[in-house]
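FYI, it's all coordinate maths here, none of it is from the lab. From a predicted model like this one, the values you see are computed outputs, not experimental measurements. Cβ placement follows ideal geometry from the backbone for every residue including glycine, while neighbour counts extend to all protein chains displayed.
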């Protein structure tokens, strides 16, 4: 197959044919290629040339000069003796072709073919190039999409091609009128992808680079763009671990690349290195492209920071031409996706009574269930349960009183239907010498937990100016301001965590006292020693925390083209953020075991971060007769990050009127700190391809970082990749079904230094003491120094294949990778007799291996179109070496040790006892190993080490959060003016340690439990479901140790988004004098299929490689339904 | 940009590169070592779990599934128990602070007297931490120098108990030489000669070295620095009366919301008591057993000073239940009280000395009786004589009782029962009251080595026999 490549150049204004040739121009060149002269004429004369890129005459070097010559004369002179001639096609279009083809054509019986070319939305396509197959005869469609072409024979075949659309062949077979519909191809091979410090033609890419299908995410009503990327890119895991408005999800590329250093990818926005929180500042409308560099060869140009992959975000730039304005508005509402099934007041009463009685019977000889509270010992008060002794209405023995118990559905009291609205306005345009794009946005989102809310104001201006013929300067500036009303949703109820309090408090616990002030379970707790669980409603209303974030991302650059192919670019970036939080807990807040009035506490926190980066890049590309194509660049970069924060807390407030610290009697604590780090880098890259067929790429970066000790600051990160476009080979031409086949291989090294700012120093911490009330400064070594600390290295091999079928109507990308992280930056456990529990070292090795599949298909291309994109990724993570002795690392999260990292297993696996069942009866107990406190009805654990006792040594691997595979699929349909898009997404095979169940599945009766408590063991005759142990106020048998009882399947399949749009017909639009109007409805997170019992199967409260997948009560996800309108004018 | 650009040093943190160089650095380092007395696992927050909950004096907070303290109370302790791990790990962290001072101070130009005192204080503190370790675990690794390379940590195995005791005695003896008899002003509360000798007396007594113990204890008396607080037993514990003449060595605290406060008064007040017992409520820890409540003789003022058996809540209801009231303050912030925690006080010196005399030979109404009665009289009780206490064995039992009520909630009970070989008899005798899961065995007199420390160095660190 020979790819005929046409370059079609459009000019800004229309000039009629007679005018074209009557224009006069003046040009003067010495020893330039003919094509350069054509380019110059094209620009000056505002005409467009259409010619075959391969024509040999175009490379002819010549001197050429005309002065005030007519265009036709100039062209005649130019093409003299070139073997080329020109032909005016009308419409300012001039076709340049070899003389002989016209001669041949002239001899034949000519046929005129006419027709219309439209896109899949039935809109006319102007400028589509049409070529007679096997010749250079061609034309292009006019402004209304029509064309007319004289062809040598009515049996010829026409080739239609247009940038952004799949090329199409049509055999005339005698027809003289021909209407053609072209299919848009988002992943057209002529597309460019953004790579480090430049762009690359998609067809020349040799690394594993994936582009986000932006059209699939445009309608998603998300306050953080990263959320919309979920399931869109093979190999990229996006985990929404909290539904808090604006929250940035966890992002990982190709598994966990590190144990204790950072695991999130580098984020680069328009060349500016930023943190992942930038996704909370961007609207999808502002983004032109997002490309993900996954393999080492594409990421190594970022050296020490590329080891977890790179996400390149390119914002929309202005284009010269007519000013375009666009307004996108949507509004909608959000609701919690599910509620948990907990016990009612009546069920709880029966359950709590059972728990108290069991504890009493277990521990007191001769005890009878009928014993009144007064007969039960007071030295362990949970032997007693409410029997009307505190309040007459609270009597678990009296069926009438039980039936009359109030039953607060605390989940209903904390959740709400919450509105969301977004306004995004943009304007772009410019002249030949200056282009601009300005956008402004406002997003207001209330959270589904009452009071939580976010308001976001954003502004962006991208301006590029051609200051001189060879000099372009540009500025991108993006200020934003976010106000968040925070609520304390996560964590222990004792710390006023809303979620666990709502699920765990007794359903009859009073919300208010008689005087209207807040009460809590503490009011009922004292005589029975129940936990004084905090009031979930008050936890919302009596905690005021406003978080203000001000961000300024800015970037300025200048590019000087010494020659068209030799450019120097200097770019400076400065990112400044200033955040403030004022938080106040009022004196009306019930605290753990405390009823109000309580001591109010307030705090004021502020932080400022400044990151600046300057880089200089010199790039050169050259092509020798289109056979040897070389692109090269060298550059330097310096980056400094400065951070400072201060925090003050006060706790002696006279009243709640003034909630800032000036009203506090004295500050309880005041602290401030400052840190910084700096990186200096040198890099180079060379790309070479032979006829676009054999592709080679080599890069190297040398980084120096202040993060490491003076002797180990510099590291070098080389990478190389090769590609072979097999379909370019002559022997492949006979396989027309295969339009593209590229084999790729890459190998490279990248680094990781995100391990704090000074991990190598031995720090001395403050440990004050007071002698006789006199405070004396105390200092003690708090960390061990390690001057040898250096880079964590990531070696990655990637093998990939890109396949295009049926004119690229179906394209498929498959990648296999092996990623070895070595010299892991590890906070190694050391024997504590050293005085330290851990030390920072470069030690250990880990691997991630996986397959990634991505497919795009244009299933139907007629009036009804149907496109599908889908991806599937497998990653297998394994720890290969650890620490000096290879000992496993145990890590704690919410309570005790919950995770283990050991050689041969995935990082951060769950660690605990394995539940076999429940001891049915005494006989079962006597014949099986058990804990020395176990009784019938308690949990039966596996005796892993076979020593006939159950103890700490029987703890083992009980699951892992890492899924077997993740997948996503989008189907887009359109018919006439209607479009529909459906995205699904999911993960399979990962598990979650639902640690929140230690609160609401502990069978203690101290707080409410999940309704699975109804399936508990009650007696040998009534053994329940064999999984839930007996109720017992004083747990025996180590029932509530971390065990497989709380490990759940975290697999899920979600309808991520459905959006339906309608484009107003042209007639209506024209009458309104608008460019386009689209109205749409979108449903985000519509439904999730999962067996997970808690709110969100993506949750991880302790985000980090060692403790992934532990749920300890987190802000649930919302289902969002919105209606929007998008107007272009 | 070059090397200078990336040569950045911490701005807000002191590092080892510029510390341990001046007199002031060492003054701060020594204060930092004292601070270690307060950490969990040593003599601060959780020390009652070892000294009291393990004994028949108290039981833990009512908690269903968190069995960490219950395991101590009812003798089914697990090797993963976090308090066990804290005692091991935090004791060694504390010891490392002392070792760093001792290793680094010699070449530094400091006034000799001061240098000597700092060395003495570091050795005194190191001995205190090792004393806890050896009483808790038996044989323990003896680390006597600063470890700067963590790999060295793998070289240490468990040293015999006797070696550890020998080192403790050596450190205390040298500390007693180096330390002053008393301090003034802002130095009051530091380790003194008397403190070193008194602790040495306790260390020797623990090893049943009665005669050498007696020598040390008598020497404390002969310093003429100390005496009982005679106004009332409760006065010793008053925040306004800290560092009184009976106080020999305390863990020092200070209230005021600056992170220097003692959590115990809040920790020991009943759960869900609101502000009825103490401002900011209670944690319900360290609940006195009825057995202890009933052990006080009629008229013993120490009972009311140490324990309450109920309180009246905000609604006026009387809520039954025992709780510790020995330590009480009016905090302005939760867990921020001004009370010191006594490690050794003069009443203990008197009673230990009496015990040594009795072990040397029973003398009816001899000196042992007078020291015992001195302590009893302060509690509002009458003298005991050879009529009530006719023999050496009877005197021992009287001492056992007297120490229990005198030092209740001062973390001595469990260690007293162990060192007198009475733990098994006494606790198994009350197994029903204290709900033992397993009967107390000789192996229970030490605790399991933390599982994490065995896991990390299996070849050198072995488990105590009988511990899982």
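The simple spin-label model puts a point 7 Å past each Cα toward its Cβ; for residue A:735 and residue B:309 those points are separated by 9.4 nm. Axis angle, to the nearest 10 degrees, between helix B:161-178 and the longest C-alpha principal axis of chain B: 80 degrees. How would chain B be classified by its alpha-carbon gyration tensor: rounded, prolate or oblate, with rounded meaning a/c under 1.5 and the a/b versus b/c comparison settling the rest? Because its axes are fairly even, with a/c under 1.5, chain B counts as rounded. Look at the alpha carbon pairs under 8 Å that are at least 6 residues apart: their mean separation over the length of chain A gives a relative contact order of 10 percent. For the modelled label position 7 Å from the Cα of residue A:1087 along Cα-to-Cβ, which residues of segment A:328-353 have backbone nitrogen atoms closer than 15 Å? A:337-338, by backbone N distance to the label point.
Peptide A:634-646 has a mean shielding of 1, counted as Cβ atoms of other protein chains within 10 Å of each residue's Cβ.
With the simple model of a label 7 Å out from the Cα in the direction of the Cβ, residue A:1011 to residue A:980 spans 3.4 nm. Taking every DSSP beta bridge that has both ends in the protein assembly as shown, the antiparallel portion is near 95%. Which residues in segment B:41-71 have a backbone N closer than 13 Å to a point placed 7 Å from the Cα of residue B:433 along the Cα-to-Cβ line? In segment B:41-71, the label zone of residue B:433 (backbone N under 13 Å from the point 7 Å along Cα→Cβ) covers B:55-59. With r defined as the distance between the Cβ atoms of residue B:182 and residue B:377 and R0 fixed at 30 Å, what FRET efficiency is calculated, to the nearest 0.05? So the FRET efficiency works out to roughly 0.70. Note on A:754-764: average number of Cβ atoms from other chains within 10 Å of each residue's Cβ is 4.
FRET efficiency for residue A:1073 and residue A:517, Cβ-Cβ distance as r, R0 = 35 Å, nearest 0.05?
It comes out at approximately 0.05.
Stretched out straight at 0.36 nm per residue, the stretch from residue A:634 to residue A:568 would grow longer than its current Cα-Cα span by 22.8 nm. For residue A:1025, put the label point 7 Å out on the Cα→Cβ axis and report which residues of segment A:1093-1129 keep their amide N under 17 Å from it. Hits in segment A:1093-1129 for residue A:1025 at 17 Å: A:1093-1095.
When peptides B:329-340, A:459-470 are sorted by average Cβ neighbour count within 10 Å, with the highest value leading, the order is B:329-340, A:459-470. Placing a pseudo-label 7 Å from each Cα along the Cα-to-Cβ vector at residue B:258 and residue A:339 gives an inter-label distance of 5.1 nm.
The listed peptides A:730-743, B:157-170, A:230-243, ordered by packing as a protection proxy, come out as A:230-243, B:157-170, A:730-743 (highest mean of other Cβ atoms within 10 Å first). The helix-based estimate of mean residue ellipticity at 222 nm for the protein assembly as shown, built from -39,500 (n - 2.57) per DSSP H run of four or more residues and divided by its residue count, is -5500 deg cm²/dmol to the nearest 500. Residue ranges A:954-962, B:262-270 sort as B:262-270, A:954-962 when ordered by packing (mean number of other C-beta atoms within 10 Å per residue, highest first). Each Cα pair under 8 Å and six or more residues apart adds its sequence gap; the mean of these over the residue count of segment A:747-885 is a relative contact order of 19 percent. If R0 is 35 Å, the Cβ-Cβ spacing of residue A:876 and residue A:645 corresponds to a FRET efficiency of close to 0.35. The mean count of C-beta atoms from other chains within 10 Å of the C-beta of residues in A:933-939, rounded to a whole number, is 1. Here the contact order of segment B:340-468, divided by its residue count and restricted to Cα pairs under 8 Å and six or more residues apart, works out to 16 percent.
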